[in-house]
Amino acid sequence: MGCIEEMNYEIILKNTSFKECREFVEKNFKEIYKVKPGYKMFNVYLIGVPPVMIGVDGDHVVFPYTKPCYGTFLLRIRGEEEIALLRKGGGT
């Protein structure tokens, strides 16, 4: 998978900031991973102001995604493989 737009995703927050995404993830999820900008997930590199917060919600990941010309969104996407990598130490 290499295009977020082609995936089945849910938008949790739209037109938001990295700080708002980070705060939302910290307040709403028990399983949280901090990664550096450039972390690769779903074959795309995440950008943002460090640390980039990723939350786990069952078998879904919740993370900020920036689409040029459209802004930053907090997305929720099914991602068992990505969760396994985070749990193995993919995050910091």
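Inspection of the range 56-65 finds a residue satisfying the criterion of being more than 15 Å from L86 (Cα to Cα) and either modelled with pLDDT of 90 or more or touching a Ser or Thr at 6+ places or on another chain (Cβ under 7 Å) (or both). Among the conditions (1) part of a strand (DSSP E or B); (2) at negative phi; (3) modelled with pLDDT under 95, the only one that N15 does not satisfy is (2). Among the residues that make up the range 69-86, is at least one of them assigned to a strand (DSSP E or B), at positive phi and of a type outside the set (S, T, Y)? Yes, because at least one residue in the range 69-86 is assigned to a strand (DSSP E or B), at positive phi and of a type outside the set (S, T, Y). Restricting attention to the range 38-52, the residues being under 13 Å from L85 (Cα atoms) and surrounded by 13 or more Cβ atoms within 10 Å (Cβ to Cβ) number 3. When G48, G38 are checked against the criterion of being outside any strand (DSSP E or B), at pLDDT below 95, in contact with a helix residue (DSSP H, G or I) (Cβ under 9 Å, 6 or more places away or on another chain) and within 23 Å of C3 (Cβ to Cβ), a single residue qualifies: G48. Going through (1) crowded, with 19+ Cβ neighbours inside 10 Å; (2) on the phi > 0 side of the Ramachandran plot; (3) part of a strand (DSSP E or B); (4) not hydrophobic (A, V, I, L, M, F, W, C) one by one, G55 falls short only on (2).
The values are calculated or read from the model by the stated rules, or taken from the named source; none is laboratory data. This is a predicted model, so every value here is computed, not measured. Note: ideal-geometry Cβ built from the backbone for every residue, glycine included; neighbour counts use all protein chains shown.
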